[in-house]
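Chemist: Below: one structure in structure tokens.
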Amino acid sequence: MNLIVERISHGYGPLEVLDDISLTVEEGEILAVIGPSGCGKSTLLGILGGLLKASKGRVLTEGAAPSGSLNPITYIFQDFALLPWRSVAGNVGFALEHHALDARERKRRIDEVLAMIGLAEFASALPRQLSGGMRQRVGIARALAVKPAILLLDEPLSALDAQTREILIEEFLALWLAHRTTAVYVTHNLDEALRVADRVCVLSRRPGRIREIVAIDVAREERSVARLAPLRERLWRLIQDEARVADREYV
Amino acid sequence: MSEPLRFRGGGFVVGPKPMSSCLAGLAIIAIWQGVVSLGLVSPVFLPSPAGIARALGDMALSGQLWRHLGASLQRIGLGFALGSAAGLALGLALGLLSHARAAGLPIVSALFPIPKIALLPLFILWFGIGEPSKVATIALGVFFPMAIATYSGVDQVPRTLIRMAQSFDVPTHAIVAKVILPGALPGILAGVRISASIALILVVAAEMIGAEFGIGAFILTAGNLMRTEDLLAGVCLLSILGLAVGFLVSLAERRLLAWR
């Protein structure tokens with residue numbers, strides 16, 4: 001499924017957040033969106049998922065969702081957004097129980113994604129008993145259970161420590177290579193974007209405009225620090241001035 | 001020259017000391033009993049703990065205790081059920097609907113601080129001196145704190161959980177039932193705790209204004225007859241009742257909020 005963004009602008013009252021964003025997310029790619037804090041990355045993702053109504057412009061989908069997809073456009077959240085009173089399996093089930101799915105099929109899907117992501121033995125654990133990394137694995141499992149056509153990831157690793165982030169990035173990429181689900185990956189972390197993305201969309205500081213969309217033309221298995229260095233340099237040049245100014249603004 | 005490092009941490013940690021708790025309670029009762037037994041105060045003004053215990057025992061044996069306790073519990077139960085159900089409904093509306101909040105919150109805030117017992121004479125005019133006026137007073141007393149507790153509980157449900165549910169196309173009624181209500185439960189139970197103690201205050205006050213049976217009526221009658229042992233036995237009963245209600249709410253919190 002392609003996702004087409006046509007001339008999206010958005011503001012909260014007098015505050016302009018996004019200015020004239022147009023882009024297409026191609027089927028089967030990961031598009032990373034980076035930019036200084038407050039540049040409207042999360043707002044853009046809210047608009048892409050139908051959770052926010054843009055002031056101007058429109059978003060279109062093109063093509064059919066895969067068979068068995070219950071929720072074509074699906075989020076993974078920065079703060080995991082787990083229901084604290086539900087078990088791991090209950091949280092995954094929450095995404096499924098409002099769709100026409102008999103109990104056996106629901107159970108099968110829950111077991112399948114929990115096994116896929118290494119959570120099977122934690123099925124009855126409560127979120128508060130889990131580390132941040134495990135909680136986000138639940139968030140990922142929940143998203144995969146509905147077989148999304150497009151994944152929207154809102155700073156999925158920002159709440160985790162650096163080591164956990166490293167581990168989850170590898171797991172996420174392995175999972176992604178098996179499914180190749182179209183994805184928009186919002187992050188403020190350059191290295192994360194360079195690791196996961198096919199293309200990186202660089203936004204300016206508020207109001208966010210597209211500065212450039214940079215293709216990461218290095219195969220994922222060859223993305224060593226050394227190979228990515230020139231691209232990293234280029235991306236950093238694009239955002240550093242913006243980030244410096246944004247850093248000194250009142251929020 | 002070497003010197004051991006001076007330790008300067010520690011302190012400021014308050015831990016449980018069950019022995020001290022027991023000893024303090026026993027000491028107060030012992031001193032009280034001693035003062036009365038030594039004849040330092042007249043037992044008419046301050047009956048001894050033993051005398052109060054005896055009065056409680058007599059009440060239980062004669063069946064008086066159950067009659068008065070039953071009357072009070074019935075009023076509390078009915079008033080609390082009516083008031084908290086209505087308060088819960090209003091609190092949900094205040095928490096979820098912009099118009100309800102804009103219209104309702106100023107009114108609720110204005111009426112909340114009125115001591116509801118002040119309205120009992122009006123309720124007696126409306127409903128007569130019997131049960132309905134007492135139940136109405138308790139219901140109204142419970143209604144406002146429940147509404148406010150529910151409203152703030154709903155307000156404290158993280159927005160991101162609601163967004164998450166919406167992102168999975170969960171229908172609105174299911175978001176209310178499965179995200180907002182459980183998320184607001186800590187606030188709601190805090191409201192139950194406050195309202196229960198308000199109900200206890202109001203039932204005693206209402207029974208003192210006009211009732212044949214009930215703990216409040218019993219205490220008032222005992223006072224009029226200078227039967228201070230009975231009077232304080234009634235007060236003890238209220239204390240036990242308050243503790244029991246608090247225990248039940250704590251039990252509910254442990255069971256229902258185990259996820260915290």
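The values are calculated or read from the model by the stated rules, or taken from the named source; none is laboratory data. Fair warning: this is a prediction, and the values are worked out from it, not measured in the lab. For neighbour counting, all protein chains shown are included, and Cβ atoms are generated from backbone atoms with ideal geometry for every residue, glycine included.
Chemist: Of everything in segment A:203-251, what is under 27 Å from A:Leu175 (Cβ atoms) and touching a Cys at 6+ places or on another chain (Cβ under 7 Å)? Give them in sequence order.
Modeler: Matches in segment A:203-251: A:Leu203, A:Ile213.
Chemist: Next question. Pairs, please: C-beta under 8 Å, at least 6 apart or cross-chain, first residue facing chain B (nearest Cβ under 10 Å) and in segment A:42-56, second assigned to a loop (DSSP other than H, G, I, E, B)?
Modeler: What qualifies is A:Gly46/A:Leu52.
Chemist: Separate question: Going through segment B:149-175 one residue at a time, which ones are surrounded by fewer than 21 Cβ atoms within 10 Å (Cβ to Cβ), part of a helix (DSSP H, G or I) and within 13 Å of chain A (Cβ to nearest Cβ)?
Modeler: Passing the criteria: B:Arg159, B:Thr160, B:Ile162, B:Arg163, B:Gln166, B:Thr172, B:His173, B:Ala174, B:Ile175.
Chemist: Could you tell me how many of the residues in segment B:91-129 are within 19 Å of B:Thr172 (Cβ to Cβ) and touching a helix residue (DSSP H, G or I) at 6+ places or on another chain (Cβ under 7 Å)?
Modeler: Total meeting the criteria: 8.
Chemist: Sticking with this structure for a sec: Identify all residues within segment A:197-225 that are among the hydrophobic types (A, V, I, L, M, F, W, C) and buried (at least 17 other Cβ atoms within 10 Å of the Cβ); write none if there are none.
Modeler: If the condition is that a residue be among the hydrophobic types (A, V, I, L, M, F, W, C) and buried (at least 17 other Cβ atoms within 10 Å of the Cβ), then A:Ala197, A:Val200, A:Cys201, A:Val202, A:Leu203, A:Ile210, A:Val214, A:Ile216 are the ones that fit.
Chemist: With respect to the numbered conditions (1) more than 10 Å from chain B (Cβ to nearest Cβ); (2) among the β-branched types (Val, Ile, Thr); (3) closer than 27 Å to B:Ala184 by Cα, which one is the sole condition not fulfilled by A:Ile167?
Modeler: (3)
Yes/no matrix, rows are residues, columns are (1) of a type outside the set (A, V, I, L, M, F, W, C); (2) in contact with a strand residue (DSSP E or B) (Cβ under 7 Å, 6 or more places away or on another chain); (3) within 22 Å of B:Leu82 (Cα to Cα); (4) buried (at least 21 other Cβ atoms within 10 Å of the Cβ):
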| position | (1), (2), (3), (4) |
| --- | --- |
| B:Leu181 | no, no, yes, no |
| B:Arg193 | yes, no, yes, no |
| B:Ala199 | no, no, yes, yes |
| B:Gly214 | yes, no, yes, yes |
| B:Ile219 | no, no, no, yes |
| B:Ala258 | no, no, no, no |
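Chemist: If you don't mind, another one. Read through the list (1) away from chain B (no Cβ under 13 Å); (2) surrounded by fewer than 21 Cβ atoms within 10 Å (Cβ to Cβ); (3) on the phi < 0 side of the Ramachandran plot; (4) not basic (Lys, Arg), then give the number of the only condition that A:Leu114 fails.
Modeler: (2)
Chemist: How many residues does segment A:68-93 hold that are modelled with pLDDT of 95 or more, aliphatic (A, V, I, L, M) and farther than 14 Å from A:Leu48 by Cβ?
Modeler: So the answer is 6.
Chemist: Restricting to segment B:30-60, count the residues that are among the aliphatic types (A, V, I, L, M) and either farther than 20 Å from B:Leu237 by Cβ or touching a Ser or Thr at 6+ places or on another chain (Cβ under 8 Å) (or both).
Modeler: So the count comes out to 9.
Chemist: Kindly check whether there is at least one residue in segment B:225-240 that is out of contact with any strand residue (DSSP E or B) (no Cβ under 8 Å at 6 or more places or on another chain), hydroxyl-bearing (Ser, Thr, Tyr) and under 24 Å from B:Trp32 (Cβ atoms).
Modeler: Yes, because at least one residue in segment B:225-240 is out of contact with any strand residue (DSSP E or B) (no Cβ under 8 Å at 6 or more places or on another chain), hydroxyl-bearing (Ser, Thr, Tyr) and under 24 Å from B:Trp32 (Cβ atoms).
Chemist: Another question, then. Among B:Leu185, B:Leu189, B:Leu181, which is the only one that is within 26 Å of B:Ser72 (Cα to Cα), within 14 Å of chain A (Cβ to nearest Cβ) and not β-branched (Val, Ile, Thr)?
Modeler: Exactly one of B:Leu185, B:Leu189, B:Leu181 is within 26 Å of B:Ser72 (Cα to Cα), within 14 Å of chain A (Cβ to nearest Cβ) and not β-branched (Val, Ile, Thr), namely B:Leu189.
Chemist: Within segment B:243-254, can you find the residues that are exposed (fewer than 11 other Cβ atoms within 10 Å of the Cβ) and either within 17 Å of A:Gln129 (Cα to Cα) or in contact with a Lys or Arg (Cβ under 7 Å, 6 or more places away or on another chain) (or both)?
Modeler: The answer is B:Arg254, and nothing else.
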